[in-house]
1. Under the rule of at least 5 residues apart or a separate chain, name every residue whose amide H is placed under 5 Å from the amide H of T219.
2. Which value in nm describes the separation of the simple spin-label points at D179 and T435, placed 7 Å from the Cα toward the beta carbon?
3. Expected output is a single nm value to one decimal: the length gained when fully extending between R133 and K62, i.e. 0.36 nm times separation in residues minus the C-alpha distance. What is it?
4. Evaluate the distance, in nm, between pseudo-label points positioned 7 Å from the Cα of R411 and of E17 along their respective Cα→Cβ axes.
5. So if each residue of separation counts as 0.36 nm, and I subtract the Cα-Cα distance between F340 and D366, what length gain in nm does that give?
6. How far is it, in nm, from the label point at L270 to the one at K393 when both lie 7 Å from their Cα along the line to the Cβ?
7. Using a cut-off of under 20 Å, list every residue of region 354-375 whose amide N is near the label point 7 Å from the Cα of V155 along the Cα-to-beta-carbon line.
8. Tell me, in nm to one decimal, what length is gained between R309 and D144 on full extension, where the rule is 0.36 nm per residue of separation less the Cα-Cα distance?
Amino acid sequence: MDILLTHGYFLYEDPKELQIMKPYPPLGLLYICSHLRNKGLRAEVFDSTFSSRKELWDVLRKGPPSVLGVYANLMTRSNAVEILRVAKELSWQTVVGGPEPGAYVNEYLAAGADVVVVGEGELTLEELVPALRSGAFEGLHRIDGIAFRAANGSVVRTKPREQIKDIDAQPWPAREAIDVARYVDVWRKHHGMGSISLITARGCPYHCRWCSHEVFGKTHRRRKPASVVEELEWLINRYQPQMAWMADDVFTIHHGWLFQYAAELKRRGLKLPFECISRADRLNPHVVETLAEMGCFRVWIGSESGSQRILDAMERGVSVEQVQTSVALCRSVGIQTGMFLMWGYEGEDLSDIEATVEHVKKSDPDIFFTTVAYPIKGTPYFTEVADRVESLKAWRETSDREFRIRHRHSRQFYGFADKLLGSEVELQRLRNKNTFDLSNVAELQARIADARAGLHKAAAEVEA
Ligand code: B12
Ligand code: SF4
């Protein structure tokens with residue numbers, strides 16, 4: 001074997017993920033695997049999702065040691081670091097890539113990576129793996145898109161790797177390298193519908209200040225509609241899923257493409273229910289009708305805040321009204337909406353939180369999730385708050401979410417914001433349905449009063 005690819009996501013170790021049970025295969029690793037195999041390299045994937053550290057250690061121990069490529073993001077950092085350490089102890093050469101390592105080159109090199117790959121992995125590994133396998137380390141500085149430690153201990157960063165121009169020319173992800181059917185089965189067992197994932201594009205040209213563009217920059221490269229339909233048809237025949245997830249950043253970004261894709265699906269008589277993410281400003285009556293015709297049953301919208309002032313501070317490029325209109329548009333064609341909301345962005349005060357509550361009540365999406373803003377290194381938002389960010393543990397033990405930002409409100413404050421939002425929306429839904437059970441109403445009103453009082457009290461206690 002020339003390279004073993006793995007990631008540090010162990011589903012069975014995560015009680016929260018076990019409750020959700022909506023795993024998807026690691027597409028980035030599978031894209032790399034198919035590319036390297038096409039180039040004649042012997043690439044394998046150890047899929048950690050349904051496995052354990054022990055099984056991975058056994059594989060590494062059994063060897064023979066070769067090159068280990070580890071995917072890392074901000075949530076899997078501590079696992080990735082542990083994998084790198086164990087692999088080094090067992091004499092593997094180690095490479096790390098994915099959306100996080102490019103922002104923490106020195107830390108990953110110190111943690112046991114021989115090479116950090118920045119950006120897309122396919123072309124870089126095609127050159128890097130043979131160099132590492134043959135021991136031609138002196139050639140590393142000629143390989144674009146990497147960072148490594150030179151013999152004198154200094155960190156060398158090579159030129160940025162050019163992005164793949166024609167993503168249609170790339171092979172599909174090497175799904176046969178792992179047990180994708182197991183993912184589909186888990187979905188079927190826990191949610192009644194087996195689900196598969198695929199991507200139709202790489203990169204997003206928008207510039208929301210908290211969003212990471214580490215891998216694809218601000219480019220946007222699309223696959224041809226016919227090629228995506230072909231992959232979908234193959235997936236349907238191979239795995240018999242009941243639904244798909246289009247795992248693009250913004251599936252609806254290019255309307256011309258979307259209409260061609262819809263026409264191609266129709267031409268081939270394919271209709272698999274699916275969910276996707278859209279920006280509110282990329283939805284209009286024609287688009288939502290087309291989505292519904294194609295089988296889309298849920299659109300996820302990054303709504304983030306009900307305060308235009310905060311949306312503008314985020315450089316979101318969307319108005320609160322656009323979000324409300326797009327939820328209503330989806331509803332009108334029978335598509336559910338899921339809304340992502342973010343508390344605690346810079347400058348948010350109590351009036352912005354109240355505006356968000358009003359906005360969700362008015363929009364009435366089918367589902368909504370909140371998170372407290374977390375700065376991802378490499379983003380403008382991170383730079384803005386960097387001098388106030390304090391990690392709660394050592395870098396290698398934490399994710400970017402285990403931190404505090406001085407002068408920001410406490411976790412308890414955002415807990416009250418969640419309670420207020422949840423109760424207000426529930427009460428509004430009762431009103432909308434006109435089904436007033438007075439004891440329910442009284443209970444909700446008490447919760448709302450309690451949440452609002454807690455919020456005001458906690459507002460006085462910003463993080464020191
Ligand atoms: C789909 C997705 C998910 C799915 C994951 C399902 C899955 N297993 O694929 C779900 C919804 C579960 C998810 C969850 C989260 N996600 Co997410 N997700 C995405 C998304 C939209 C697409 C991922 C994808 O398939 N990309 C396509 C492939 C081709 O790209 P890729 O994976 O980056 O791989 C390329 C390179 O990174 C590199 N590479 C990858 N692996 C390796 C390995 C080696 C050795 C090398 C050398 C190179 C290399 O080469 C690959 C091919 O070019 C990305 C954004 C994006 N467009 O990538 C965010 C993204 C990866 N997610 C992100 C975040 C923050 C999260 C969460 C933390 C969110 C949360 N609030 O909980 C969680 C973390 C979950 C976890 N435990 O890992 C961030 C990561 C930022 C960071 N610095 O780490 C991203 C980049 C979004 C963003 N723009 O901010 N996510
Ligand atoms: S949040 Fe969405 S729309 Fe904004 S830059 Fe990131 S991927 Fe693009």
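Every read-out reported here was derived from the displayed coordinates using simple, explicitly stated rules and does not represent laboratory data. A quick note: this is a predicted structure, and the numbers were derived from the prediction, not measured. No Cβ is skipped: glycine too gets one built from the backbone with ideal geometry, and neighbour counts run over all protein chains shown.
1. C204
2. 4.2
3. 23.7 nm
4. Going by the 7 Å Cα→Cβ label model, 2.0 nm.
5. 8.2 nm
6. So the label points at L270 and K393 sit 4.3 nm apart.
7. 375
8. 55.3 nm
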